[in-house]
1. Could you run through the range 223-232 and say how many residues are under 10 Å from the mean Cα position of the chain (by Cα) and away from ligand 2 (no atom under 16 Å from the Cβ)?
2. Would the range 170-185 turn up any residue that is in contact with an Asp or Glu (Cβ under 9 Å, 6 or more places away or on another chain), within 16 Å of ligand 2 (Cβ to nearest atom) and small (Gly, Ala, Ser)?
3. Between ARG70, ARG20, which is assigned to a helix (DSSP H, G or I) and not hydrophobic (A, V, I, L, M, F, W, C)?
4. Scan the range 232-246 and report the pairs whose first residue is without any contact (Cβ under 8 Å) to a residue 12 or more places away in the chain and whose second residue is assigned to a helix (DSSP H, G or I), with Cβ atoms within less than 9 Å and a gap of 6+ or a chain change.
5. Tally the residues that are out of contact with any strand residue (DSSP E or B) (no Cβ under 8 Å at 6 or more places or on another chain), among the polar types (S, T, N, Q) and in a loop (DSSP other than H, G, I, E, B), restricting the search to the range 119-172.
6. Which of the residues that make up the range 315-353 are among the hydroxyl-bearing types (Ser, Thr, Tyr) and either within 11 Å of ligand 3 (Cβ to nearest atom) or farther than 21 Å from GLN385 by Cα (or both)?
7. Which of (1) touching a helix residue (DSSP H, G or I) at 6+ places or on another chain (Cβ under 8 Å); (2) farther than 27 Å from GLN255 by Cβ is the odd one out, the single condition SER171 does not satisfy?
8. Considering (1) without any contact (Cβ under 8 Å) to a residue 12 or more places away in the chain; (2) under 17 Å from ALA408 (Cβ atoms); (3) out of contact with any Phe, Trp or Tyr (no Cβ under 8 Å at 6 or more places or on another chain), say which one HIS182 fails and leave the rest.
Amino acid sequence: MPNRFLLQDRLSQCIARAHRNRDRVAILYLDFDRFKNINDSLGHSVGDEVLQAVAERLQTCIREGDTVARIGGDEFVLLLPDLKEGECVVQVAKKILDLGNKPYAIGNYQLRVTVSVGISVYPDDGTDVDSLLKNADAAMYHAKAAGRDSYYYYTQDMNARALDILQMENSLQSALDNQEFHLCYQPQVDLASGRIVGAEALLRWNHPEKGEIPPGRFIPVAEDRGLISPIGAWVIETACRQNRQWQQEGLRPVQVAVNISAQQLHHAEFSSHLQAVLEETGLSPSLLELELTESAVMQDAEQMIDLLNALKKLGLSLAIDDFGTGYSSLSYLKRFPIDRLKIDQSFIKDLTLRHEEEAITQAIIGMGRTLKMKAIAEGVETDEQLRFLKQAGCDEIQGFLFSKQLPAEEFAQLLAADRRLDGGLPASG
Ligand code: C2E
Ligand code: MG
Ligand code: MG
């Protein structure tokens, strides 16, 4: 397969020809989504096989005269020359994304691999090799930031955004050392007693120049660059130490919940690190909960059963976060040792507004009950939502109605005051 040098050579020939014939040339810049996950969890030889399989399928998306080049580990470029006015590359981009719907059978695995695609076109988006490649790359970054598995055409403001991500990557590397992270804690309340029973630890990044960056923006970047494991390890340590400290201060024991990303979970040392943290901090494992996403546990579900059972053996609790947004296989769910289902905020938001969301929420609570899992509703903001959830038999809630996430000291004050969710009314103050 052509490499970067050959690609540059071909591209400059195409540009010259397009210039003469007044044609256009399209560049599609492809990058695998979360490819590092595959390499880290299944090994490089599986990763290599995936790359080969994808490269083969890519050939089926193009026509004679087009070029597919591999220009980096998991980066490919498609070169579509001699495009006439009006001929569009969208079909090709769609075909490429479609490839992601069919899993690759590699060894014993069925792997689904999606890609993000950025498109630039000569002469609109650049008239030389470097700027065309650079702009397609920027558009690809944009597709990643927009949630991956998508394609974007280059637009001029994309370079600013790509630069932003690049700067974020660079400063993420040193953010841990520079102590720029901290955790906030959002109370979780039991509906039967109205009392606080737990807190979700939520990560905050205070960037020295950009100010506070929300986790939704930097966590995907950290995941993509393989930086989430050390950051996640810091989160676990900090949350465990904090919870232990609250107890030493004489506060009533509550469970602290920590968000775990798929990459962390698949890391070989994940459970041994957890065990070490629990030992070092002296926190009772029963006071720690891990929040896993549906997609993280349903990917390689068969292997996940063993891993989750091993984690449960440590004595901690497991929850599935944002439940209802992914694709859970019910037969696996039944076999997973899960303690709680966190009903995604998107359903809670439209409770009492849309019948469909009510039905889904009701179904999740009922299913949880059958499987002996508790249900906690996230993002509860109104009394009406609360009333519905109580009636539906939901066990716990978390949301702005009771409290937003708080700095550790403020959470401790709330707990010390034993603030309750009384009679369905919001806690005042
Ligand atoms: P999540 O785990 O589903 O966390 C809940 C998010 O909903 C939090 O946003 C929280 O502030 C917000 N929220 C809570 N109550 C309400 C409410 O009543 N209304 C509304 N509109 N929103 C509410 P946040 O802190 O921005 O976190 C966003 C996501 O970032 C989290 O979603 C989680 O997926 C991820 N995240 C946060 N901390 C970590 C972490 O330490 N590690 C990992 N891997 N991911 C994290
Ligand atoms: Mg969460
Ligand atoms: Mg959630």
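1. Residues in the range 223-232 being under 10 Å from the mean Cα position of the chain (by Cα) and away from ligand 2 (no atom under 16 Å from the Cβ): 1 in total.
2. no
3. ARG20
4. As it stands, the answer is GLN245/THR281; GLN245/ALA408; GLN245/ALA412, since those pairs meet every condition given.
5. The number of residues fulfilling the criteria is 3.
6. Selection gives SER317, THR325, TYR327, SER328, SER329, SER331, TYR332, SER346.
7. (1)
8. The failed condition is (1).
The values are calculated or read from the model by the stated rules, or taken from the named source; none is laboratory data. Predicted, not measured: the structure shown is a model, and the values here were computed from it. Virtual Cβ from ideal backbone geometry, glycine too; neighbours counted across all protein chains shown.
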